[in-house]
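Here's the structure we're looking at; comments come further down.
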Amino acid sequence: MRRFFTMVLLATLIFSSPMQAKKRIPKERGMAGYVMVYHKDQDHGLHMAYSWDGYTWTALNDDSPIMAGDTIAVQKGIRDPYIFRAPDGAFCIAMTDLHVFGQRDGVRSTQWERDGKKYDWGNNRGLVLLRSFDLIHWQRTNLDFSSLTCPTGEVDGEGHPLPWSEVGCVWAPEMIATDDGHILMHFTTRFQRGRNHIRYVYMNGDFTCMTSEPQVLLKGQTDEQGRVIRHIIDSDITKIGDTYHLFCTEHGHPRHAVSQSLTGPYTFVPFDDGLDQVHEAPMLWKRIGEQKWVLMQDRYSIEPHNFYFCETTDLEHFTPLGYFDDGQCPMRRTNFSEQKHGAVVPVTKKELKRLIKYWDK
């Protein structure tokens, strides 16, 4: 294994019992419900909710974190959780290792982990990874990107190469399976106070380490001199047929891009979610047994925070549904609010009943 991989911080934690043996992903006809993960600014922990029909959602553990950020993250807080079922059947969760209110909550003496004038808002160095076969017992890995020694391709204002130690952020990780059964993880990066854009790496089957150097997947618009002038964050990729659909946020507004290759190049296409408001964290999930997809986005600019939903059957036309618990919107919450940056995965009846029973105890 190449030298830069050996410098990635690795910590493993098993909760309660050993991992189950590997299994195959159930077919869609075997799915019976959904699990959603999200975080909250109030506690910076990992939250989880479930739904049998994809419309009415109930938080597990009475909307307290199912895992506290101060027990799993270097910065004592997590954000932007994403859940995905890997090719071997395991559930994988990836999260931003970041506490944006660390000074307020007494986990550090400064507003940010490092100098905000040099590394900008919300600077962090890594991600928190979890892996489980039952959604209850988890293996944990912490990735520290600032210790990588491979080239970044980034330069400072004077044109000098920037190493990974100058990474300004590693945010909003998401995963997708490749056609040959590997895991590709993509995430937002920034170096010092530069522009945010999207990078990707390949992960090993156990979801504990990278097996490739981070590469650029998508950058924002450029000016006549080729300089990136717009931030791109929060990528989400779904393969439908032979086309990869990438949703992301550009300067606060949702964008849709397509490609015939997972690693691009991606071409932006017209997209209208029915609302002229700023959103972030787009996440596309499919309704079980239907040729219908839900695009879920985080409306971070309102209080209290809420999710905005729209549906599509062709990935070209999107029907607005609205916000959780708002007017005629069919999306309802039974026991939680102010959730942020969510993701959804389908589960079997057995998996969901076991999860509910565990937290009911």
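Coordinate-derived values only; no laboratory data. Since this is a predicted model, take the numbers as computed values, not measurements. Using ideal geometry, Cβ is built from the backbone for each residue, glycine included, and neighbour counts are taken over all protein chains shown.
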Q | Kirkwood-type radius of segment 288-361, with distances r between different C-alpha atoms, in Å | A | 14.3
Q: Send over the semi-axes of segment 135-248's equivalent ellipsoid, whole angstrom and largest first, taken as the square roots of 5 times the C-alpha gyration tensor eigenvalues.
A: 26, 19, 12
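Which order do the peptides 319-325, 337-343, 160-166, 77-83 take when ranked by the mean count of other beta-carbon atoms within 10 Å per residue, highest first?
On the way: 319-325: 16.3, 337-343: 20.3, 160-166: 14.6, 77-83: 26.6.
Most protected by this proxy first, the peptides run 77-83, 337-343, 319-325, 160-166.
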Q: Could you check the simple spin-label distance between GLU338 and TRP359, using points 7 Å along Cα→Cβ, in nm with one decimal?
A: 1.8
Q) Residue by residue, what Karplus-based ³J(HN,Hα) values in Hz, rounded to whole numbers, does segment 144-160 have, using 6.51, -1.76 and 1.60 with θ = phi - 60° and x for Gly and Pro? A) 10, 6, 5, 9, 5, 10, 6, x, 9, x, 9, 10, 7, x, 9, x, 7
Q. Karplus couplings for segment 175-192 from phi (6.51 cos²θ - 1.76 cosθ + 1.60, θ = phi - 60°), rounded to Hz, Gly and Pro as x?
A. 10, 8, 7, 7, 4, 9, x, 9, 9, 9, 10, 10, 6, 7, 10, 8, 10, 6
Q) GLU316 to THR348: extension gain in nm, 0.36 nm per residue of separation minus the Cα-Cα distance? A) 8.6 nm
Q.
For the ranges 288-300, 93-105, 221-233, what's the packing order if you count other beta-carbon atoms within 10 Å of each residue, average per peptide, and put the highest first?
A. 93-105, 288-300, 221-233
**Q.** Additional length obtainable on full extension of the chain from GLN221 to VAL155, 0.36 nm per residue less Cα span
**A.** 22.0 nm
Q | Efficiency of FRET from Cβ geometry, THR71 and SER301, R₀ 22 Å, rounded to 0.05 | A | 0.10
Q: With a cut-off of 17 Å, note down the residues of segment 35-52 whose backbone N falls inside the zone around a label point 7 Å from the Cα of ARG85 toward its beta carbon.
A: 35-37, 49-52
Q. Peptides 145-151, 106-112, 245-251: what's the order by average Cβ count within 10 Å, highest mean first?
A. 245-251, 145-151, 106-112
Q | Phi to ³J(HN,Hα) by Karplus 6.51 cos²θ - 1.76 cosθ + 1.60 over segment 264-274, Hz, x for Gly, Pro | A | x, x, 9, 10, 5, 10, x, 8, 9, 8, x
Q.
If you consider only alpha-carbon coordinates, what radius of gyration and Dmax does segment 214-292 have, in Å?
A. 13.6, 49
(Q) Can you give the FRET efficiency to the nearest 0.05 for TRP52 and ARG24, using r as the Cβ-Cβ distance and R₀ = 30 Å? (A) 0.80
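Can you work out the FRET efficiency for the pair THR110 and VAL258, with r the C-beta to C-beta distance and R0 = 45 Å, to the nearest 0.05? Display every interim value, and only then the final one.
On the way: r = 42 Å, r/R0 = 0.93.
So the FRET efficiency works out to roughly 0.60.
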**Q.** Sequence-distant lysines (8 or more away, or on other chains) whose Cα lies within less than 29 Å of LYS349
**A.** LYS22, LYS23, LYS27, LYS40, LYS239, LYS286, LYS292, LYS340, LYS357, LYS361
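As a check on your grasp of the helix formula, calculate [θ] at 222 nm for the chain: sum -39500 (n - 2.57) over DSSP H runs of n ≥ 4, divide by the residue count, round to the nearest 500.
Working: 4 runs with 24 residues, N = 361.
Theoretical 222 nm ellipticity from helices: -1500 deg cm²/dmol.
Determine the sum of side-chain charges near LEU352: Lys and Arg each +1, Asp and Glu each -1, restricted to other residues whose C-beta is under 13 angstrom from that of LEU352. Don't skip to the end; give the middle numbers.
Working: positive: LYS349, LYS350, LYS353, ARG354, LYS357; negative: ASP53, ASP134, GLU351, ASP360.
Net charge in that neighbourhood comes out at +1.
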Q: Compute the whole-percent fraction of alpha carbon pairs in the chain spaced more than 30 Å apart.
A: 34
